[in-house]
Amino acid sequence: MPHRHNIVLIKMNTGKNVGQLATMRFKWRQSILLLAVILVCISEITGQSCDGQCGETRGTCSCHATCVSLLTCCGDYRQYCLQISPYSGTMMGGSVFSILNATFYPSKQEQLTCRFRGEIETVGYTDGEGRGYCVSPLLFQSGWLPFDVSTDGRNFNSSGEYLSVHPSKMDAAFKVTLVNSTQWQYYGTPNTAGTLRMTWNPSLIGDKDSINIELWGYREVNTSTTDTTWEEELPPLRAEWTYLYSLGKGLANNGSFRFTPKPSEKPYSDWEVGSVRVSSSIYSDGARNVRAVWSGAHALAWHLEEAFRQDSAAWALDRCLAWDVLEKSLPNFLEEVVDCPCTLAQARADTGRFHTDYGCDMEKGSVCTYHPGSVHCVRAVQASPVYRAGQQCCYDSTGAQVLTGDSIGGSTPDRAHDWGSPPYRDPPRIPSLSHWMYDVLTFYYCCLWSDHCQVYFTHRPSSGCRRYTPPTAGAVLGDPHFLTFDGVRYTFNGKGEYYLVLSPDRGLSVQGRTEQVKLENGTLFKATRLSAVAMRERSSDVIEVRQAEQQNQLEVLRNQQVLSFTEQSWMDLHGVFLYSPIPQNVTVMFSSGVGVEVRGREGGAMALTVLLPTDYTNLTQGLLGQMNSDPLDDLLTSLGDVVSPDNTSPEEIFTFGASWKTSNETSLFTYDSKYLLDTYYYVKHDSAFVPAFSVSEDPADPLVGDMLKMCFGEGAQFCKYDTLSTRSLVVGNATLLSFMCHQTLMQDLESVVSCGWLASPRYGEKIGTRYLEGSTVSFTCNSGYVLYGSPERTCLPSGEWTGEEASCISDNVLGVVLGSVFSIATLITMGVMINLHFRKQKRERQERLDGKVIFEQS
């Protein structure tokens, strides 16, 4: 909802149509520029300032982000509401950003102070032109964080936001690169030694002359003072990020350094995970929150004690077994992590709940260091509800899940989610580092530095997929056409803002804005297209995705402020995650697992897909229908009337769609231009706009021949309609592409039955590692063993395996068993014969006795 004073200030030419507004654009700009000058003067005269008021309104001017495009900002807006570049950096700190469009002039006795999260202060600096620079601190969390700036150390009136980034998601150009990382992390194990080398970008240090190189260590310390067994919750932990020692001082800042590491001694050798830092030599050893470049966190094999180098396998086994004991005392998190998707296709399609694991990505060559045999892994986006654990799912080239029961490369759940979990900051929620302590370093102990993976997999077994249920998808595409969650297809060409999905019970609202189709030459058609989508779940940030000025590109807003993805493709926000690898694609992931995909298409149209988990069943309404597997009630109006999807006229559909218009009180959209205010803020559904409800295929039309060649298959109807209604083959083709993509998605999300993992028989082999419906697994025994049970088992549609469990029995054992069985059978037979003999004797004696009694009586 816009700020009302902005609406009053710029409300001009109300009631003009779009064509008239276009012809008056030059005069309108002149008026706005004059108005901006007047506002600056008024704000100075009246004392209305953005000093400590960013995001607020100030009577006749604004300190809200929308004031920039509306030209309603207070005169000192840019001085107090800060923009920075770069806007992001590693959560490890040391990144420098400049403050744009503002100047700072501390006195000689004072300095620029930058405060993050209202509590962590770092020393900034200014240049000769008064431009300010801040250095980011160690933050232990990812996402957008507030910062403010002071020139006297007391009054922090200027504020902005800074994006703290997961270390693994930072571009390699902004990190120290450990050349041949395998050598670094296996150093000291058999056949791994020599000189280590690192590189970095010298310009990131800021000192052309000399630098220091330091090793820093990370650990999580149990702060409990009792000997409690932590079966229900994790013990209280404290994160420690500590300077250990220098690798070199006063070195030339030439971007490269080589050294031969020596074993460390206690207490330094107790630190087994850490990072290398490169900083200017003007700073003292271990100075915190100074300009620096960091390597990624890694296992410090090269730094460990001499005992590791003497016998790395024995050293690692000791720690593996100690971890085994510790793990048994901690809560069982496996029961609450979500099951994995059954297939790679499902895993890549369920974008609301799963996202690519950067350590094993088929789009980047499937370099799966920790998961050999896998081609792609995904991670559950959300941490588990109680213990904040993570889930990882890996797949092979056939699309089947790789399980730890079959391979060392199998997927493993994590006690600490790699991406952390809100509110971060404390173990085990700290992004990357907590995961290293609980799940990665222990993998080195048991699997990489020693050969005892069975210990690790006892506590980190792969999750199957028997409980996995795919989400249900609904879509909006083209001119615009709606494909509901239950499969109803219809066209609604209203112009306005409407509820696409509304779930009051779950606090979810997804709203769509449609605009009239217009060609580049200004020609208007009696058709509309989706031009923006806004959404929120409960108290999450409001996310809006809309068409950008550039063709086919999208613009993303968070709480009415434009976001840039030029530096980072992934963003952690409040209650929601965003991913935008290219300007045409945006994926929104809410805490509940709801996913929203927005795609920019040729011709200016947007395509939208909403993915809902099964717990939204019977809880949705809006233009994408009620999700309850009953298509007959999908066209439910906002008043509760049901329109039959069969034999319904386009005019009736139009009335149904119009009933789902939003209101000013419920709208999630941003109105940061006069066009948006005039077109949508005051009119949520333009009843004066009447679309073309049908189009005709005239054989004489030169467009029809090419259209018929292009529009084919199940989506031909939508393709033809959009081609003819917009007179554009490009638009029609974009609609067909969107429809085909939706059909592929529906196929990928089809339910799959899993019968669960089968173990190989002891002293035998299992042939086949696919456990889905129709799959067959065979069993054989080693030489000298005989198969007992079913040699082959098939997964049935019921989720059960045919046959009996297979086992392998030694020939000798079998002979003994059969001999024993024969002996027992012989004894039983003899017993039966003896019993029959005695019974016969008893019967004969009874008969003689009965005969004697009869003779005496006679």
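The values are calculated or read from the model by the stated rules, or taken from the named source; none is laboratory data. All values reported here derive from a predicted model rather than from experimental measurement. Because the Cβ atoms are built from the backbone with ideal geometry, glycine has one as well, and the counts that use them run over all protein chains shown. The protein model used for the area step is the full one, side chains on, heavy atoms only, and it has no ligands, DNA or RNA in it. Shrake-Rupley method; radii C 1.70, N 1.55, O 1.52, S 1.80 Å.
A few remarks follow.
- Given Lys526/Lys720; Lys495/Lys518; Lys495/Lys526; Lys175/Lys262, the pairs whose alpha carbons are separated by over 19 Å: Lys175/Lys262
- A 1.4 Å probe run over the chain, with the rest of the protein chains in place, finds 46 Å² accessible per residue.
- Under 15 Å from the Cα of Lys249 - aspartates and glutamates, other chains or at least 8 residues apart: Asp207, Asp209, Glu214, Asp285
- Most tightly packed first, judged by the mean number of other beta-carbon atoms within 10 Å of their residues, the peptides 616-628, 738-750 read 616-628, 738-750.
- Heavy atoms of Trp144 accessible to a 1.4 Å probe, total area in Å² rounded to 10: 50
- Based on the Kirkwood approach, the hydrodynamic radius assigned to region 136-193 is 15.1 Å, with every pair of different Cα atoms included.
- Mean residue ellipticity, 222 nm, helices only, the chain: the sum of -39500 (n - 2.57) across DSSP H runs of n ≥ 4, divided by residue count and rounded to 500, is -6500 deg cm²/dmol.
- Entry note, the chain: relative contact order of 8 percent, from Cα contacts under 8 Å with a spacing of 6+ residues.
- For region 443-454, backbone phi angles converted through the Karplus equation (6.51, -1.76, 1.60; θ = phi - 60°) give residue-by-residue couplings of 5, 5, 3, 8, 10, 9, 9, 9, 10, 9, 4, 4 Hz, Gly and Pro being listed as x.
- Proximal aspartates and glutamates to Lys266, defined as alpha-carbon separation beneath 12 angstrom and excluding residues fewer than eight positions away on the same chain: Glu305, Glu306
- Largest-first principal axis extents of the Cα set of region 170-261 (Å): 52, 37, 26
- Per-residue ³J(HN,Hα) for region 260-268, Karplus 6.51 cos²θ - 1.76 cosθ + 1.60, θ = phi - 60°, Hz, x for Gly and Pro: 10, x, 10, x, 8, 10, 5, x, 5
- Table column - 3J(HN,Hα) (Hz), region 418-426, Karplus curve with 6.51, -1.76, 1.60, x for Gly and Pro: 4, 8, x, 8, x, x, 6, 6, 10
- Normalised radius of gyration (Cα atoms, divided by 2.2 N^0.38 Å) for the chain: 1.22.
- Whole-percent carbon and sulfur share, accessible surface of the chain, 1.4 Å: 52
- Partners of Lys364 within straight-line reach, counting aspartates and glutamates whose Cα lies under 16 Å from its Cα and excluding those fewer than 8 residues away in the same chain: Asp171, Asp396.
- Projected over every direction and averaged, the convex hull enclosing the alpha-carbon atoms of region 82-165 yields 4.8 nm².
- Built amide H within the under 5 Å cut-off of Ala532, gap 5+: Arg513
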